[in-house]
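The values are calculated or read from the model by the stated rules, or taken from the named source; none is laboratory data. The model shown is predicted, which means the values in this text are computed figures rather than measured ones. Cβ placement follows ideal geometry from the backbone for every residue including glycine, while neighbour counts extend to all protein chains displayed.
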Amino acid sequence: NRKFVLAERPHGEPDADTLRLDTSDVPQAGKGEMLLQNEYLSLDPYMRGRMSDAPSYADPVALGEVMIGGTVARVITSDVDGFAEGDWVQAFGGWQDYAVSDGSGVINMGQNPDNPSWALGVLGMPGLTAWAGLTQIGQPKSGETIVVAGASGPVGATVGQIGKILGCRVVGIAGGDEKCAHVVDTLGFDACVDYKADGFPDALKDATPKGIDVYWENVGGAVFDAVMPLLNPLARIPVCGLISQYNATSLPDGPDRLGLLMGTILRKRMTLRGFIVFDDFGHLYPEFANQMGEWVRDGSIQYREEMIAGLEQAPEAFVGLLRGDAFGKRVVKLND
Ligand code: NDP
């Protein structure tokens, strides 16, 4: 059993010393347990938070422990009701080949699911995040303008496409021409603005002639600075993620914009609400799975995946994800 354990807590960007590849015997499943062989490992921005012991909504991974991660796995042996040998499951098996589970939190996908790895993206945690955060917090009405940061990633891509289904004008923000072209041409957003290009704040203003009613926050930092003056009265802001800050080791250069932000919230009577997907919206999972399954099957929602071959590639692929190298949902395939 190959496994990546957390060897050191990173300062800034994770490096070669952060995770260590160990091997051990294949674990034994006991009474009331099952043995899972991981086929796909999800790489997600939240993993950076679990490497750190700063206060957060979840406990950090302990030093020497297997790195946490969502997986799609096959059941090898099972003494758990409702799970049989050969079933595909969605689990949190971690960055390793095998995991033992008592079935808690594990979703059975049956013997022969279509595109099993999609359960780590549009049909799983990132999809639920997008659907629930937009409908419950963003509450867009037909004809309103939604701006989506991180528009080419699994969460942002899904948010924007749901916004289109709901009859909104949807403007994405992404890094570079290639991602922006994908956001408009394949995902069907009305426009996409490259935040790395010169003149980004003006380009965003031009793309939102009626202002912004819902801003989907995935990144924070300079992108939010450009969004803030364009927000309409009563704007809603689902605060989903702040990826531009995850590797930060100090506060950004001044001036301090907190007073400006608080004044804007007050004057424009805006609602900002943070959320943690399973804590706030886990109970909506069955409704989400039905709706999103339908949209994906009938082609209303497009999904792009980037498959990385081999567990040993996972640490580098994860660092690249935080740098913006991923184009679509990054998943590691463990076996040939
Ligand atoms: P993404 O694929 O969107 O994340 C990687 C992308 O983030 C990169 O490709 C890059 O896109 C963008 N990015 C990285 N650094 C910066 C930066 N400095 N400025 C602007 N953009 C940057 O991942 P997900 O779709 O999985 O997640 C999106 C967000 O949602 C994350 O912040 C994540 O933490 C959060 N999240 C929150 C949940 C919750 O419960 N609250 C649940 C799931 C996700 P580009 O090339 O366009 O710059």
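Looking at this structure, is VAL223 outside any strand (DSSP E or B), of a type outside the set (S, T, N, Q) and either more than 16 Å from the ligand (Cβ to nearest atom) or closer than 26 Å to VAL319 by Cα (or both)? Spelling it out, VAL223 is indeed outside any strand (DSSP E or B), of a type outside the set (S, T, N, Q) and either more than 16 Å from the ligand (Cβ to nearest atom) or closer than 26 Å to VAL319 by Cα (or both). Just give me the residues in region 254-266 being assigned to a helix (DSSP H, G or I) and either exposed (fewer than 10 other Cβ atoms within 10 Å of the Cβ) or in contact with a Gly (Cβ under 7 Å, 6 or more places away or on another chain) (or both), in sequence order. Residues satisfying the conditions are LEU258, GLY259, LEU266.
Among the candidates TYR246, TYR215, the residue that is within 13 Å of the ligand (Cβ to nearest atom) and under 21 Å from the mean Cα position of the chain (by Cα) is uniquely TYR246. For region 25-37, the count of residues that are assigned by TED's automatic domain parsing to the domain that holds THR71, under 21 Å from the mean Cα position of the chain (by Cα) and at positive phi is zero. Do you know which residues across region 269-288 are assigned to a strand (DSSP E or B) and crowded, with 17+ Cβ neighbours inside 10 Å? Selection gives nothing. Considering only residues in region 302-331 that are aliphatic (A, V, I, L, M) and away from the ligand (no atom under 14 Å from the Cβ), the one that is nearest to ASP177 (Cα to Cα) turns out to be MET307. Being of a type outside the set (Asp, Glu), closer than 25 Å to GLN302 by Cα, at pLDDT 95 or above and out of contact with any helix residue (DSSP H, G or I) (no Cβ under 9 Å at 6 or more places or on another chain) narrows it down to one of LYS179, LYS210, so name that one. Matching residue, one of LYS179, LYS210: LYS179.
Just give me the residues in region 25-45 being closer than 14 Å to PHE83 by Cα, touching a residue at least 60 places away in the same chain (Cβ under 8 Å) and part of a loop (DSSP other than H, G, I, E, B), in sequence order. Talk me through it step by step, then tell me what you get.
Let us first name the residues in region 25-45 that are closer than 14 Å to PHE83 by Cα, namely 29, 31-37.
Narrowing further to those that are touching a residue at least 60 places away in the same chain (Cβ under 8 Å): 29, 32-37.
Correct list: ALA29, GLY32, GLU33.
Each residue in region 192-206 was checked for being in contact with a helix residue (DSSP H, G or I) (Cβ under 7 Å, 6 or more places away or on another chain) and on the phi > 0 side of the Ramachandran plot, and 0 of them qualify. Restrict the check to region 289-300 and report whether at least one residue is touching a Leu at 6+ places or on another chain (Cβ under 9 Å) and either within 14 Å of the ligand (Cβ to nearest atom) or part of a strand (DSSP E or B) (or both). No: zero hits. Restricting attention to region 49-64 and to residues that are assigned to a loop (DSSP other than H, G, I, E, B) and under 20 Å from the mean Cα position of the chain (by Cα), the residue that is surrounded by the most Cβ atoms within 10 Å (Cβ to Cβ) turns out to be VAL61.
Residue check: is LEU120 under 17 Å from LEU334 (Cβ atoms), within 14 Å of the chain's Cα centre (by Cα) and buried (at least 21 other Cβ atoms within 10 Å of the Cβ)?
On the way: under 17 Å from LEU334 (Cβ atoms): yes; within 14 Å of the chain's Cα centre (by Cα): yes; buried (at least 21 other Cβ atoms within 10 Å of the Cβ): yes.
It is true that LEU120 is under 17 Å from LEU334 (Cβ atoms), within 14 Å of the chain's Cα centre (by Cα) and buried (at least 21 other Cβ atoms within 10 Å of the Cβ).
When only residues in region 191-212 that are more than 19 Å from VAL155 (Cβ to Cβ) and in contact (Cβ under 8 Å) with a residue 24 or more places away in the chain count, which is nearest to the ligand (Cβ to nearest atom)? Checking each candidate, the answer is PHE200. In a residue-by-residue description of region 12-21, the property of being closer than 29 Å to PHE327 by Cβ, surrounded by fewer than 17 Cβ atoms within 10 Å (Cβ to Cβ), within 16 Å of the ligand (Cβ to nearest atom) and not aliphatic (A, V, I, L, M) applies to at least one position. Evaluation of ASP177 against the conditions (1) within 14 Å of the ligand (Cβ to nearest atom); (2) in contact (Cβ under 8 Å) with a residue 60 or more places away in the chain; (3) not aliphatic (A, V, I, L, M) shows that the sole unmet condition is (2).
Yes/no per residue for (1) of a type in the set (Phe, Trp, Tyr); (2) surrounded by fewer than 18 Cβ atoms within 10 Å (Cβ to Cβ); (3) farther than 24 Å from GLY293 by Cα:
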site: MET47; (1), (2), (3): no, no, yes
site: VAL66; (1), (2), (3): no, no, yes
site: VAL75; (1), (2), (3): no, no, no
site: TRP88; (1), (2), (3): yes, no, no
site: GLY94; (1), (2), (3): no, no, yes
site: VAL100; (1), (2), (3): no, yes, yes
site: SER104; (1), (2), (3): no, yes, no
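Just one of (1) hydrophobic (A, V, I, L, M, F, W, C); (2) modelled with pLDDT of 95 or more; (3) surrounded by fewer than 17 Cβ atoms within 10 Å (Cβ to Cβ); (4) within 16 Å of the ligand (Cβ to nearest atom) fails for LEU251. It is (2).
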